[in-house]
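The values are calculated or read from the model by the stated rules, or taken from the named source; none is laboratory data. Worth saying up front: this structure is predicted, and the values here are computed from it rather than measured. With ideal geometry, Cβ positions are generated from the backbone for all residues, glycine too; neighbour counts draw on all protein chains shown.
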Amino acid sequence: MTEFLQSLTVPFQYDYMIRAIWVSALVGGICGFLSPFVTLKGWSLMGDALSHSVVPGVVIAYIFGFPFVLGAFIAGLLAAGAMAFIRAQSRIREDATIGIVFTSFFALGLVLISLFPSGVDLKTILYGNILAIADPDILQVVGISAVTLLVIGFKWRDLMLYCFDPNQARSLGLKAGALHITLLALLAATCVAALQAVGAILVLAMLITPGATAYLLTDRFGTMMWLSAAFGVATSLAGAYASYYINGATGGCIVTLQTLVFLAAFVFAPKRGMLASRRAIRACSGVLGEINQPRMNGHEL
Amino acid sequence: MKTDEVSLDVEGVSVVYPNGHQALSDASFRLGAGTICALVGVNGSGKSTLFKSIMGFVNPTAGRVRIHGMPVKESLKKHLVAYVPQSEDVDWQFPVSVWDVVMMGRYGAMNFMRIPRAADKRLVEESLRRVSMWEFRDRQIGELSGGQKKRVFLARALAQGGRVILLDEPFTGVDVKTEEAIIGLLHELRKSGAIIFVSTHNLGSVPEFCDQVVLINRTVLAYGPTAEVFTAQNLAAAFGGVLREFQFERSTIQSHDGRAVTVLSDDERPLVFGKDGHLEYMDRGKHEELLRKRREEHE
């Protein structure tokens, strides 16, 4: 028994594991806080696009030796700007615009990596490598998290109003354009932070799944935000911890856990779950059945 | 709140969209305090563009809009303009309660973090009670009927304290009882000096509750008191053959039917003109003065 307990604490004997666990939890938390805005604004595809668009920025940053956060953030904002520009200047639909821009950026990233092979490992960008995260990179993640939490903490009501009813925001004299850019910048920043933990491909899961799960469990935005953040933290903690035993693929472990939690909510959520809506339909048709029955039995014939 | 009278001036407004589409040209009219004014026109006649210019979402390429004598931007900062959106424009699955939505009307007047003070809460409660939705304050907005949904957004406009209230198709999907309740509330607001500007397709309801009409088709065709503007001739100009007619003279209705003819319609109220092309109203009890005058004229 004591042997079993001892084996449970093994990951904590390694500095790199402890670091991986708390950095993952931090990233999971800020992604969780932002997730309700992204899911309710309908920006899932936008999140995916930004997470792939930051790749060339990361590569260039590594090649020239400046902070990868800066490179990634600039690349993300450039991509968002390119999307807005193409949409305003042409008749191409939004989803096609997003598709064109993010694949272009990603392709540019791949070309740069193959041109400068020593600069950076493609696998690290695509799948993340939180176990080997360097101290300066941790500092960058902490910085992003602090700014994101501050902005959401002070401005979540404005951002919520902007997601729900941008026209009302404008007619109250709020700066809708500034709110739009704020949300976009937060999205780009968290993409960059999550890149470290789970890599470019799975960033989207960190940004969507916690919010979607919380959405099934509550009808109040504030509650949704806290639930979503709690899921993000818990799944990232547990996922990073579990990855020690499975030996690797931290990102995969975290996202798989998030999917399991989502599935549980999808089926069992008290009001919006699959079983609950089945029950509601059955209760309804039960009432209808009673009304219909006399006629079915031919009393009127 | 200012006690002096609010006004809405639209002066020679033209709007050309970036794709070259001219939505409005040289539109002008003026509304004074204490009016319910209908904005009537076909789809694509520039109704929503006009609303957007009044709310400052589009900048006119020529002309200007003044609210209470101020440019739009300034009036928005003073929260003078409230907007009740069309039902189709709202995400009803959004996780907010009735209370949350009405509280959004107060955001403009709140501090940096939008934390409601006692005064804000009191105004929200008052507004909800005025539209009889206080009992539903904790409901998620998707769990309401069509009429209840409308009343929630009307309560938001009340809580905001707007003096110019824009309503977009307020009666679609609303039952007759709620329609009457909303009209009653609009009458109260008119009495308090507000300008109520209602965009609507529902022609028959216009004479019933609007004292003024702005008729538009890419520009303002006519504006003024309903009885003067809402003529068969003006409507034909505004709708250009889109309207359907049912003329009793040409129909199978015979003289033995007399006036015992019932007109039913689906969502919209029918618009009825009398022999000389004057407006007919639904309820003669409310228009005895008019009846007496017409009788005298006839004799």
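Filtered by the rule that a residue be closer than 23 Å to B:Ala23 by Cβ, in contact with a helix residue (DSSP H, G or I) (Cβ under 8 Å, 6 or more places away or on another chain) and either basic (Lys, Arg) or assigned to a helix (DSSP H, G or I) (or both), region B:198-242 gives B:Leu203, B:Val206, B:Leu235. State which residue is nearest to the other protein chains (Cβ to nearest Cβ) when the search covers only region A:201-225 and only residues that are part of a loop (DSSP other than H, G, I, E, B) and more than 16 Å from A:Ala265 (Cα to Cα). Only one residue fits best here, namely A:Arg220.
Restricting B:Phe209, B:Phe197 to those that are under 26 Å from B:Trp134 (Cβ atoms) and of a type outside the set (Gly, Ala, Ser) reduces the list to B:Phe209.
Among the candidates A:Ser35, A:Ser51, single out the residue that is part of a helix (DSSP H, G or I), modelled with pLDDT of 85 or more and touching a Gly at 6+ places or on another chain (Cβ under 7 Å). On inspection, the qualifying residue turns out to be A:Ser35. Is region B:104-116 home to any residue that is of a type in the set (Lys, Arg), out of contact with any Gly (no Cβ under 8 Å at 6 or more places or on another chain), surrounded by 18 or more Cβ atoms within 10 Å (Cβ to Cβ) and within 7 Å of another protein chain (Cβ to nearest Cβ)? Yes, because at least one residue in region B:104-116 is of a type in the set (Lys, Arg), out of contact with any Gly (no Cβ under 8 Å at 6 or more places or on another chain), surrounded by 18 or more Cβ atoms within 10 Å (Cβ to Cβ) and within 7 Å of another protein chain (Cβ to nearest Cβ). Checked against the criterion of being among the acidic types (Asp, Glu), part of a strand (DSSP E or B) and more than 19 Å from B:Arg163 (Cα to Cα), region B:4-19 has at least one qualifying residue. Residues in region A:219-236 that are modelled with pLDDT of 95 or more, more than 16 Å from A:Leu149 (Cβ to Cβ) and crowded, with 19+ Cβ neighbours inside 10 Å: A:Phe221, A:Met224, A:Leu227, A:Phe231, A:Thr235.
For B:Thr200, indicate whether it is under 12 Å from the mean Cα position of the chain (by Cα), more than 22 Å from B:Asp26 (Cβ to Cβ) and surrounded by 15 or more Cβ atoms within 10 Å (Cβ to Cβ). For B:Thr200, the condition - under 12 Å from the mean Cα position of the chain (by Cα), more than 22 Å from B:Asp26 (Cβ to Cβ) and surrounded by 15 or more Cβ atoms within 10 Å (Cβ to Cβ) - is met. Is there a residue being more than 22 Å from B:Val10 (Cα to Cα), of a type in the set (Phe, Trp, Tyr) and surrounded by 15 or more Cβ atoms within 10 Å (Cβ to Cβ) anywhere in region B:209-230? Within region B:209-230 (the criterion being more than 22 Å from B:Val10 (Cα to Cα), of a type in the set (Phe, Trp, Tyr) and surrounded by 15 or more Cβ atoms within 10 Å (Cβ to Cβ)), the answer is yes, since at least one residue qualifies.
All conditions in (1) assigned to a helix (DSSP H, G or I); (2) modelled with pLDDT under 90; (3) within 12 Å of A:Val55 (Cβ to Cβ) hold for A:Gln140, with the sole exception of (3).
Across region B:70-82, not a single residue is classified as away from chain A (no Cβ under 14 Å), over 28 Å from B:Ser205 (Cβ atoms) and either buried (at least 17 other Cβ atoms within 10 Å of the Cβ) or among the hydrophobic types (A, V, I, L, M, F, W, C) (or both).
All conditions in (1) part of a helix (DSSP H, G or I); (2) in contact with a helix residue (DSSP H, G or I) (Cβ under 9 Å, 6 or more places away or on another chain); (3) surrounded by fewer than 24 Cβ atoms within 10 Å (Cβ to Cβ) hold for A:Ile92, with the sole exception of (1). Within the set B:Glu249, B:Glu245, the sole residue that is part of a helix (DSSP H, G or I) and either loosely packed, with under 10 Cβ neighbours inside 10 Å or in contact with a Phe, Trp or Tyr (Cβ under 7 Å, 6 or more places away or on another chain) (or both) turns out to be B:Glu249.
With respect to the conditions (1) at the interface with another protein chain (Cβ under 10 Å from one of its Cβ atoms); (2) surrounded by fewer than 17 Cβ atoms within 10 Å (Cβ to Cβ); (3) out of contact with any Gly (no Cβ under 9 Å at 6 or more places or on another chain), B:Gln93 lacks only one, and its number is (3). The condition of being in a helix (DSSP H, G or I) and within 23 Å of the chain's Cα centre (by Cα) holds for B:Ala181. Those helices (runs of 4 or more DSSP H) of region B:42-109 in which at least 1 residues are in the same structural domain as B:Ser132 (by TED's automatic domain parsing) and more than 22 Å from the chain's Cα centre (by Cα), considering only elements entirely within it, cover B:72-77, B:98-104. Close Cβ contacts (under 6 Å, 6 or more residues apart or on different chains) running from residues in region B:260-273 that are in contact (Cβ under 8 Å) with a residue 60 or more places away in the chain to residues that are not in a loop (DSSP other than H, G, I, E, B) and not polar (S, T, N, Q) comprise B:Glu268/B:Gly204; B:Arg269/B:Gly204; B:Pro270/B:Gly204; B:Leu271/B:Leu203; B:Leu271/B:Gly204; B:Val272/B:Glu280. Residues that are touching a helix residue (DSSP H, G or I) at 6+ places or on another chain (Cβ under 8 Å), more than 30 Å from B:Ala33 (Cα to Cα), modelled with pLDDT under 85 and surrounded by 10 or more Cβ atoms within 10 Å (Cβ to Cβ) do not occur anywhere in region B:282-298. In region A:29-39, the count of residues that are in contact with a Pro (Cβ under 6 Å, 6 or more places away or on another chain) and crowded, with 22+ Cβ neighbours inside 10 Å is one or more.
Based on what the data block shows, is A:Leu172 without any contact (Cβ under 8 Å) to a residue 12 or more places away in the chain and away from chain B (no Cβ under 14 Å)? Considered against the rule, which asks whether it is without any contact (Cβ under 8 Å) to a residue 12 or more places away in the chain and away from chain B (no Cβ under 14 Å), A:Leu172 comes out as no.
Any residue that is at negative phi, more than 19 Å from the chain's Cα centre (by Cα), surrounded by fewer than 24 Cβ atoms within 10 Å (Cβ to Cβ) and not in a helix (DSSP H, G or I) - is there at least one of those in region A:152-171? Taking every residue of region A:152-171 in turn, at least one turns out to be at negative phi, more than 19 Å from the chain's Cα centre (by Cα), surrounded by fewer than 24 Cβ atoms within 10 Å (Cβ to Cβ) and not in a helix (DSSP H, G or I). Residues of region B:24-41 include none that is over 27 Å from A:Pro36 (Cβ atoms), at the interface with another protein chain (Cβ under 10 Å from one of its Cβ atoms) and of a type outside the set (Val, Ile, Thr).
Checking each residue in region A:61-115 for being over 19 Å from A:Thr190 (Cα atoms), touching a residue at least 24 places away in the same chain (Cβ under 8 Å) and among the β-branched types (Val, Ile, Thr) picks out A:Ile63, A:Val101, A:Thr103, A:Ile113.
Taking region B:50-60 as the range and being in contact with a Leu (Cβ under 9 Å, 6 or more places away or on another chain) and more than 9 Å from every other protein chain (Cβ to nearest Cβ) as the test, the residues that pass are B:Leu50, B:Phe51, B:Ser53, B:Ile54, B:Pro60.
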